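*Asks:* Quick one: the structure is below, and I'll ask about it shortly.
Values in this text are rule-based calculations from the coordinates and carry no lab data. On a predicted model such as this, the values are computed, not experimentally measured, just so you know. Don't worry about glycine lacking a Cβ; one is built from the backbone with ideal geometry, like all the others, and counts go over all protein chains shown.
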């Protein structure tokens, strides 16, 4: 699958490690995703990027993507990061606010620091596909 492969290629730190269970399996990933999206929605620095988003679909696609990145059994069927963010003119600052919102969500869910670091590194590897301005 091309989109799943693009996620694996974005992993510049070696093979995908299995942190799926550390994040609480799919139930934990869904809970984390909900908290993350809530954090983003409350973040005045970036919430306007999501003003017209289909939030249930966004949560579903993010959870699937996060599951793949964390070594889970999921299949990501969404757009590539380049396709999903085309035309949004996302800045480095906006990307950093998004990362901070994810860090806050992981802290809320008591994700161990090593797992947080791994996950953020994987998301950071996608920055060139997301930041366009």
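*Asks:* With n ≥ 4 as the cut-off for DSSP H runs, can you work out [θ] at 222 nm for the chain, using -39500 (n - 2.57) per run divided by the number of residues, rounded to the nearest 500?
*Replies:* It lands at -18500 deg cm²/dmol.
*Asks:* Order these by the 10 Å Cβ neighbour count, fewest first: 68, 131.
*Replies:* 131, 68
*Asks:* Let me ask something else about it. Based on alpha-carbon centroids, what's the gap between segment 103-133 and segment 21-57 in Å, whole number please?
*Replies:* About 13 Å separates the Cα centre of segment 103-133 from the one of segment 21-57.
*Asks:* Follow-up. Would you calculate the separation in nanometres between label points at residue 125 and residue 100, each defined as 7 Å from the Cα along the Cα-to-beta-carbon direction?
*Replies:* For residue 125 paired with residue 100, the spin-label model returns 2.6 nm.
*Asks:* Considering the values (1) 7.2; (2) 11.9; (3) 15.2, which represents mean projected area of the Cα convex hull in nm² as calculated for the structure under consideration?
*Replies:* After the calculation, the listed value that fits is (1).
*Asks:* Right, something else. Where does each of 130, 111 land when they are ranked from fewest to most other beta-carbon atoms within 10 angstrom?
*Replies:* Taking fewest neighbouring Cβ atoms as first place, the list is 130, 111.
*Asks:* Run the numbers on the chain and let me know its relative contact order in percent, using alpha-carbon pairs under 8 Å that are six or more apart.
*Replies:* 37 percent
*Asks:* Right, next: When a footprinting reagent is the concern and you count Cβ atoms within 10 Å, what order do 43, 38 take, fewest first? Walk me through the intermediate numbers first.
*Replies:* Details: 43 18, 38 15.
Fewest to most other Cβ atoms nearby, the residues stand as 38, 43.
*Asks:* Ok, one more. Compute a Gaussian network model of the chain, connecting alpha carbons closer than 10 Å, and tell me which residue from 83, 64, 116 fluctuates the most.
*Replies:* 83
*Asks:* Take the alpha carbon atoms of segment 82-101, find their center, do the same for segment 64-81, and report the distance between the two centers in whole angstrom.
*Replies:* For segment 82-101 versus segment 64-81, the Cα centre distance is 18 Å.
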